[in-house]
Amino acid sequence: MVGAGSSEAYGGSDGWGNALIPSSSNVGIAAVVTTLAGIALAATLVYSSRRSHTSPGSRRRRKHALLAKQWKGLFDADGRLSDGGVKFLKKIRTGGVEPSIRMEVWPFLLGMYDVNSSKSERDGIKAKKRREYAELRKQCRQISKRGEKSFKLNLASGNNSNKDGEDISQVSDSSSLDEATSVRPSLSSDGASSSIELHGRKELVEQKENDGEITTETDTLDLDSFGDLEDIKPLLASRDIEDDKVYKPVYSALGNMTTRKVEDFVTWQRIIRLDAIRANSEWVIYSPCKVSVSEEKAHQLAKSIGLKDYEHLEPSRIYHAAHLVAILEAYSVYDSEIGYCQGMSDLLSPIISVIEEDHVAFWCFVGFMRKARHNFRLDEIGIRRQLNIVSKIIKCKDSHLYRHLEDLQAEDCFFVYRMVVVLFRKELTFEQTLCLWEVMWADQVAIRAGIIKRTWRWLRLRAPPTEDLLLYAIAACVLQKRRLIIDNYSSMEEIMKECNSMAGHLDVWKLLDDAHDLVATFHNKI
């Protein structure tokens, strides 16, 4: 009766009472529901945990590099990229390039070939570029000979003046001088120092024309004194050029080469050869043809270039140094406004390690320098612009970190100066550098080719291409260290030391993921 009464009390014959009485089937269903709920809860917790500890970029599925088979499949019967380069660039932006095809791909990325050119057009361009490079090398040899002749005349003139009791410095003081100074932090790979180095030189130039010959009278140009300098660059006429499309270097015929330009070239040549001899051997595994070069061939090339003091190097490093010298000297003639500065050899070394033919490597380097040349201007306008962008990105992303930098008077982000100048070359391994640069170049090609407008549908699924991807990567690098910077560092020097000690400790793909996230979020605000 108790059961009946209880049943009626809970609703009687309407069935609710029976539902309260456990049965074997009900227990089973309850167990299943409980299990599923537990699984769902666990999945939610795991997902939330991952979201709180990783960036959106690291959750993306890693895509593979452009492979040789895929590369060949991108061309039509005429040798053109079938879709105007869209798939080609999209693939590189997400995964880079397989090492075995970099030699073929990089001329497209660095502007030697247009993404819409046919094979026959590319063959014609290559032949033309070979002739132009040969002419530049010829000019290098002729200017070098003129510089040697001028230097000997200067020495003879200096000796005669000393015999007559004249003081060279007094002559200099009585005439108009060009004083070239460059204030710039050391780019040494040791890198912990934040000291500023001042380099200068004084020149007294009196040009004489005699039957078309140009001779000079200068204060002694002591090239040996440049041996310990980290950076030296003569003062040249500056132009405010930020748009690479209007940049068209003009190199004069030898007959129009001024005395000043000859002396500039002699100075650049000296520094180039010192930097080439001191180049490290990170490139070795990427250039088997240079590694296997014979001693005879290496020494023969070195002598033809005029390289000296290389006896302590292995043949492969001599051969590499000679190629560096040849291309950098040609570039200093091609773009005499910039000439040569320390750091350029670091940018060229990966290119000549991948591309064997000097004339192709040279024009690829020209394409690379179309943007990077602003890093080597004496007025440093390009550097200041880039540091300002890095500062803005950090300010938009992390106001707390930015306020801390303001407190340290480091909001100008001068502590990433080296990263900007040599494009992360010192902070990444050799292979990581190649991956970062490839992705960066792909962005720049997409913008030049107008692909950003024609294919916005797929571009907007990810960060849009930007000319300044490198700067977003630098900002991402700093943001990854935000807690360390805020908690532990109380001066810009300490932050600079941290930035300069990152070599080999960065994940380049995590860096690129974070950089793309910053581009997607702040590109329109910067």
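Report the net charge of residues surrounding THR429, where surrounding means a beta-carbon distance below 15 angstrom and charges are Lys +1, Arg +1, Asp -1, Glu -1. Don't skip to the end; give the middle numbers.
On the way: positive: ARG425, LYS426, LYS510; negative: GLU282, ASP346, GLU427, GLU431, GLU438, ASP507.
Result for the local shell: -3.
Under 8 Å for C-alpha pairs, at least 6 residues apart: give me the relative contact order for segment 364-473, rounded to a whole percent.
Working: 65 pairs, mean separation 25.3, N = 110.
23 percent.
Taking a probe of 1.4 Å, how large is the accessible area per residue of segment 283-351, in Å²?
Numbers: 2540 Å² over 69 residues.
For segment 283-351, the solvent-accessible area averages 37 Å² per residue.
Any of LYS69/LYS91; LYS145/LYS303; LYS426/LYS481 with alpha carbons more than 19 Å apart? Name them for me. Don't jump to the answer; show the numbers that get you there.
Values: LYS69/LYS91 13 Å; LYS145/LYS303 15 Å; LYS426/LYS481 17 Å.
In this structure, not one pair exceeds 19 Å between Cα atoms.
Can you tell me how much longer the chain between ARG131 and SER501 gets when fully stretched, taken as 0.36 nm per residue apart minus their C-alpha distance, in nm with one decimal?
Values: separation 370, 0.36 × 370 = 133.20 nm, distance 4.33 nm.
Length gained between ARG131 and SER501: 128.9 nm.
For ASP309 paired with GLU467, estimate the spin-label separation in nm (one decimal), with each label point 7 Å from Cα along the Cα-to-Cβ line.
3.9 nm
Over segment 307-368, how many percent of alpha carbon pairs lie in each 10 Å bin up to the one with the longest distance?
21, 54, 23, 2
5 Å is the cut-off here: which amide hydrogens, built 1.01 Å from N in the peptide plane, fall below it relative to GLY96, excluding neighbours closer than 5 in sequence?
Under 5 Å from the amide H of GLY96 lie the amide H atoms of LEU66, each far enough along the sequence or on another chain.
Does anything in segment 316-347 have its amide N under 16 Å from the 7 Å Cα→Cβ label point of SER281, and if so which residues?
Those under the cut-off are 316-322.
If you stretched the chain out fully between LYS525 and SER82, how much longer would it get, using 0.36 nm times the residue separation minus the C-alpha to C-alpha distance? Don't skip to the answer; put the middle values down first.
Numbers: separation 443, 0.36 × 443 = 159.48 nm, distance 3.48 nm.
This chain segment gains 156.0 nm when fully extended.
With a sphere of radius 15 Å drawn around the Cβ of LEU408, what net charge do the other residues whose Cβ falls strictly inside it have (Lys, Arg +1; Asp, Glu -1)?
Every neighbour counted, the sum reads -4.
Return the inverse of the average 1/r over all pairs of distinct C-alpha atoms in segment 350-416, which is the Kirkwood hydrodynamic radius, in Å to one decimal.
Values: mean 1/r = 0.0702 Å⁻¹.
Computed over Cα pairs of segment 350-416, the Kirkwood hydrodynamic radius comes out at 14.3 Å.
Taking the Kirkwood radius as the inverse of the mean 1/r across Cα pairs, report the Rg/Rh of segment 372-526. Please report the intermediate quantities before stating the final value.
Details: Rg = 15.4 Å, Rh = 16.0 Å.
Value, to two decimals: 0.96.
Provide the FRET efficiency to the nearest 0.05 for the ARG403-GLU296 pair, computing r from the beta carbons and using R0 = 56 Å. Numbers along the way, then the final one.
Numbers: r = 63 Å, r/R0 = 1.12.
Efficiency for this residue pair is about 0.35.
The values are calculated or read from the model by the stated rules, or taken from the named source; none is laboratory data. Predicted model, so just to flag it, every value in this text is computed and none were measured. As a convention, Cβ positions derive from the backbone with ideal geometry for all residues, glycine included, and neighbour counts pool all protein chains shown. Only protein heavy atoms, including side chains, enter the accessible area calculation; ligands, DNA and RNA are left aside. Shrake-Rupley method; radii C 1.70, N 1.55, O 1.52, S 1.80 Å.
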